[in-house]
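Below: the structure, in structure tokens.
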Amino acid sequence: MPAKNTICLWFNGTAEEAARFYAETFPDSAVGAIMRAPGDYPAGQQGDVLTVEFTVAGIPCLGLNGGPGVPHGMAFSFQIATDDQAETDRLWNAIIDHGGEASACGWCKDQWGLSWQITPRALTAAITDPDRAAAKRAFNAMMQMTKIDIAAIEAARQG
């Protein structure tokens, strides 16, 4: 039985390519059913890939090849919690090196315009530290970063 709630993401003919990239990059991700259009539609022809079911880190998604003119925005992002610097680097670099672009504070955008937050668990722990001065130091350090550097966050947290 399909998930009751699925995130539908609009693509311009590249839903299958994006789904395969996500499945190869993120743990607990896979490509599922691919539906081809049963007839012509504004963004394609009969037989073209219309939708792709996939999961990203356990979240059910549907890629819709809806055509041009509907860009993704930063109001929606995937936030991926990482366990260490190696995982942070691997995921960040996979997105950036595959046509993406870096932003601030652990955010980046993939080649399809989807926003990602690659967020080490150590960062979350640091900025929620009950010692509010330590949390503020870690937060201020994060505000200067693009990709999160866990060692620098921990150094700031310690003062």
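A few comments on the model shown:
- The stretch 46-71, residues that are assigned to a loop (DSSP other than H, G, I, E, B) and farther than 30 Å from ILE153 by Cα: GLN46, GLY47, ASP48, GLY66, GLY67, PRO68, GLY69, VAL70, PRO71
- Taking the conditions (1) in the same structural domain as GLY106 (by TED's automatic domain parsing); (2) under 16 Å from the mean Cα position of the chain (by Cα) in turn, LEU62 satisfies each one other than (1).
- Number of positions in the stretch 70-91 that are under 19 Å from ALA57 (Cβ atoms) and in contact (Cβ under 8 Å) with a residue 60 or more places away in the chain: 5
- Positions within the stretch 1-45 being in a helix (DSSP H, G or I) and without any contact (Cβ under 8 Å) to a residue 12 or more places away in the chain, in sequence order: GLU17, ARG20, GLU24
- ALA94 being touching a residue at least 40 places away in the same chain (Cβ under 8 Å), touching a Lys or Arg at 6+ places or on another chain (Cβ under 7 Å) and closer than 30 Å to THR14 by Cα: no
- Among the residues of the stretch 122-142, not a single one is in contact (Cβ under 8 Å) with a residue 60 or more places away in the chain and not assigned by TED's automatic domain parsing to the domain that holds ALA15.
- Test for VAL31: is it aliphatic (A, V, I, L, M), touching a Lys or Arg at 6+ places or on another chain (Cβ under 8 Å) and surrounded by 14 or more Cβ atoms within 10 Å (Cβ to Cβ): yes
The values are calculated or read from the model by the stated rules, or taken from the named source; none is laboratory data. On a predicted model such as this, the values are computed, not experimentally measured, just so you know. Note: ideal-geometry Cβ built from the backbone for every residue, glycine included; neighbour counts use all protein chains shown.
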